[in-house]
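Single-structure report; data block below.
Here, each number is a calculation from the coordinates, and none is a lab measurement. Every value quoted in this text rests on a predicted model; they were computed, and no experiment measured them. Glycine gets a Cβ as well: all are built from the backbone with ideal geometry, and neighbour counts include every protein chain shown.
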């Protein structure tokens with residue numbers, strides 16, 4: 001029989017910032033393993049760009065996308081936020097508010113398609129100059145939102 005662990009005032013609770021990042025990782029995981037190329041490829045590129053998985057090409061990772069686990073997306077988000085690991089990022093998140101994660105608010109509703117993804121923020125900026133939209137840096141990539 002399972003008995004719930006009592007919550008005391010000494011038990012640390014997960015803050016809103018950490019909950020947002022965990023939710024983002026869940027959505028990214030679902031997108032990464034989706035059949036749709038438009039959903040999976042932008043996320044798989046991010047995983048590879050952050051060196052979360054090594055020794056794979058994008059086509060190889062796409063073929064074996066079931067190997068992507070939630071922990072890989074958590075590390076990807078940590079590296080994109082400037083932290084060396086999920087553990088370090090999670091510790092930092094405990095001191096953050098949800099307002100400090102504004103970059104997630106811009107891309108959360110439509111993390112893959114139909115946003116336009118580019119290999120670099122500079123390429124995205126060139127496209128945005130000609131066609132409009134707002135450039136958001138996501139790791140080493142650039143995404144245009146509200147185009």
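Couple of notes before you dig in:
- When each of the peptides 72-84, 48-60 is scored by the mean number of other C-beta atoms lying within 10 Å of its residues, the order from highest to lowest reads 72-84, 48-60.
- Packing-based ranking of 30-39, 15-24 yields 15-24, 30-39, ordered from highest to lowest mean Cβ neighbour count within 10 Å.
- FRET E, pair residue 131, residue 54, Förster distance 35 Å, beta-carbon r, rounded to 0.05: 0.50
- Segment residue 100-residue 34, extension gain: residue separation times 0.36 nm, minus the distance between their alpha carbons: 20.8 nm
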